[in-house]
Amino acid sequence: MPALHFFKIMKKFTSTILNNHRLFSFLLLGIIVTLVYSSTFQVPFVFDDFHSIVDNPRIKDYLFFLSPQAISLQRPLADLTFALNFQAGGLNLFGFHLVNTLIHIINTFLVYVIAFFVFTRLTAYKTASTGKGNADQTRILIILAALGTSLFFALHPLQTQAVTYIVQRYTSLFALFSLLCVWLFIKARLRIEKAGQSSAATSIDPVSIMLIAASFVCALAAFLSKQTAIMIPGLIILAEVVLFKGTRYNWKKIALFCTPFLFLFILFVLYSVGVFKGDFALGSLLEDVRARTVETADVSRWTYLTTQFSVLVVYLRMTVLPFGQNIDHLYPFAETFFNVRTLLSLGLVLGIMAWAVASFKKRPVLTLGVGWFFIALSVESSIIPIRDAMFEHRLYLPMLGPALIFGYLLLILQEKVGRRALVFAPVAVLIIALGTATVLRNEVWRDPVELWADSIHKNPENHRAWSNLGQALLARNNLPEAQRAFQESLRLERNNPQALGNLGIVLARQGKYGEAVKPLKAATESMPGSFDFHYNLGVTYGVSGEYTKAVEHYQKALEIRPDHLRSLMNLGVEYGRLNRLEQAALTFLKALEVSPGNPDLLMNLSVIYFNQGKHEQALDKMLQAERVRPNSSEIQTNLGIINHSMGNARDALQHLGRAVQLDPANNTARELAGQVLKDMQTEALRKLQDSGIKSQ
């Protein structure tokens, strides 16, 4: 009886899970992904995070991204999420990583629902052990296969670069809207199909229209997150051809449902050539399209394409065997099409594509998986030259293709083996291994020095990795090692302005100002928009006594970051040294707008006023500084000097005495106090003599 009772409970529990499998799966996937990525919540900003987030003034004003001007940006929607992160918690790392992880969880669940539908739709699977009649057993196996698919997608270590690397929210957010776009399209097509309306072009129900419209909006959102979304119409056509057999051989019906997305493709192209930015001329449309589909002029379309054949093979190998991960592969471009690697890679890629086409009728899941992989990579691995041939985050959305094939293999193995435990036990081990590899990879991301040292270990000729290692060491003030890293970067690439400028910064911090000028100057010539290099060159010139040149570079630094306090303060000091007192005063006043009540600025402005002979204004500003910093011996000394110059001997003596009390080693205040006392005695004697009374 107890056994029978337990059996009934388990049957009821199983039935509950089957009826609510999406909810249970979402909770399970959410918990697993959170556990695996929980160690990333304090991973620091690295690489492009600084340019796109930390040093990006736009993300400090989220309202800008809600204005019409935001359309001029490449990825305004993703940038809006960065701005909202900043609005909520500044540059707090936890908030940025939390959002990235939540996006990954949502994507994982979308992969689950798509996989569940695909396996239900495209497989005629029946368990060998239970026969055709046990629908629950079949449903359980499909649920497990969908979970295997989503866990493969979620836990594969190649996904870390799109999740742990904060700036690659561009990729994961674009993937979210792309997956949602495809899923909403599938939902719309299912409604049309179930209503028996797939052959009627004019009788689609309102809900289906709304779903297609929502899918369309998601495609737009994906494009505003990352322009790679231009390939979404290809994914929609793939879904229509493979998933909906009723229209698979009728191109008119395919066109009916795909036309809105083909229109969207045209819209994306027009956006890319500047139609919505006012930067467009109809007569030069073809030239604009050609020019704007080239991210770099350093690589030809043909060179980029031939390189991508071998890159695709590396992607495929890393999907199956994820070793050799690198934040920056710096994959070399092919010098010619006619080399063994390129030709063999092309043959393998064409062979996989042919296999996928041949599987279309009997095993359409394979066609869908391979097709998804190559279509999702079609923008970044085609004829559009990009500065870098390879990055791991580009595999984030394409990973759904291999994940579907992985899930499908679970079903095939069950059919061959017949016993579920014999299949899912090794699969569980494989999933755990992937999760463990992801955790270990994320540990590398936690330390920028280790991250770039790992990159160099895997590619010692990567000049960018050496340069970034130098920056990580510089941030830790490990100047000798940072200098060595920058010098190695420059050995590999002489014209690396980033390494050149940072080498100058390291030399300046070591007090080698004469040596620092040359690399910093060269870096500012190559990167005139670099704030850091202009600022540090200004500091170097200032310390070296070349005040005019220091002013020039502080001015250029302030053109880039107008409200940078230290640049404003140093510029004011250099103006003072050049005796350009009016400009010095105006600069300090502007700096006080940035940092009201700053005692150093108030003190400097007071000194300028004093040198201009504006003693009342000088006294006022120095008293304001005293209120902020009452125990400053320097401020008390300056108050003594100002009062003495104004003839307020007693006030001067009081402040100078206070200065000596605060700092007994303040000889300036001590000597001036003695001078004030002497002057007071002299004045007293003069008054006595003038009154006719003789002193004893």
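The values are calculated or read from the model by the stated rules, or taken from the named source; none is laboratory data. Note that the coordinates shown come from a computational prediction; the quantities given were computed from them, not determined experimentally. Every residue, glycine among them, receives a Cβ derived from its backbone with ideal geometry; neighbour counts consider all protein chains shown. Only protein heavy atoms, including side chains, enter the accessible area calculation; ligands, DNA and RNA are left aside. Shrake-Rupley method; radii C 1.70, N 1.55, O 1.52, S 1.80 Å.
Test ASN631 against the criterion of being part of a helix (DSSP H, G or I), more than 24 Å from PHE533 (Cα to Cα) and modelled with pLDDT under 95, and give yes or no. Steps first, answer last, please.
Numbers: part of a helix (DSSP H, G or I): no; more than 24 Å from PHE533 (Cα to Cα): yes; modelled with pLDDT under 95: yes.
Answer is no for this residue.
Failed condition for PHE338, given (1) closer than 26 Å to TRP445 by Cβ; (2) at pLDDT below 90; (3) of a type outside the set (Ser, Thr, Tyr), with all others met?
(1)
Select, from GLN612, GLN661, the only residue that is of a type outside the set (A, V, I, L, M, F, W, C), farther than 20 Å from LEU602 by Cβ and modelled with pLDDT of 85 or more. Reasoning before the result, please.
Values: GLN612 fails: farther than 20 Å from LEU602 by Cβ.
Within the list GLN612, GLN661, the selection yields GLN661.
Would you point out which residue out of TYR331, TYR396 is within 23 Å of the chain's Cα centre (by Cα) and over 16 Å from GLN159 (Cβ atoms)?
Of TYR331, TYR396, the one residue that is within 23 Å of the chain's Cα centre (by Cα) and over 16 Å from GLN159 (Cβ atoms) is TYR331.
Has region 298-317 got at least one residue that is open to solvent by 60 Å² or more (accessible area, probe 1.4 Å), at pLDDT 95 or above and not in a loop (DSSP other than H, G, I, E, B)?
yes
Within region 634-645, can one find any residue that is surrounded by 15 or more Cβ atoms within 10 Å (Cβ to Cβ) and over 28 Å from SER595 (Cβ atoms)?
Yes, there is a match, as at least one residue in region 634-645 is surrounded by 15 or more Cβ atoms within 10 Å (Cβ to Cβ) and over 28 Å from SER595 (Cβ atoms).
Would you confirm whether any residue within region 466-489 is crowded, with 20+ Cβ neighbours inside 10 Å, modelled with pLDDT of 95 or more and among the basic types (Lys, Arg)?
No, that holds for no residue.
Could you check, for region 359-381, whether at least one of its residues is more than 27 Å from THR123 (Cβ to Cβ), aromatic (Phe, Trp, Tyr) and within 24 Å of the chain's Cα centre (by Cα)? Show your work before the answer.
If we filter region 359-381 for residues that are more than 27 Å from THR123 (Cβ to Cβ), which is where we start, we get 379-381.
Still in the list and also aromatic (Phe, Trp, Tyr): none.
So far as region 359-381 goes, no, none of its residues is more than 27 Å from THR123 (Cβ to Cβ), aromatic (Phe, Trp, Tyr) and within 24 Å of the chain's Cα centre (by Cα).
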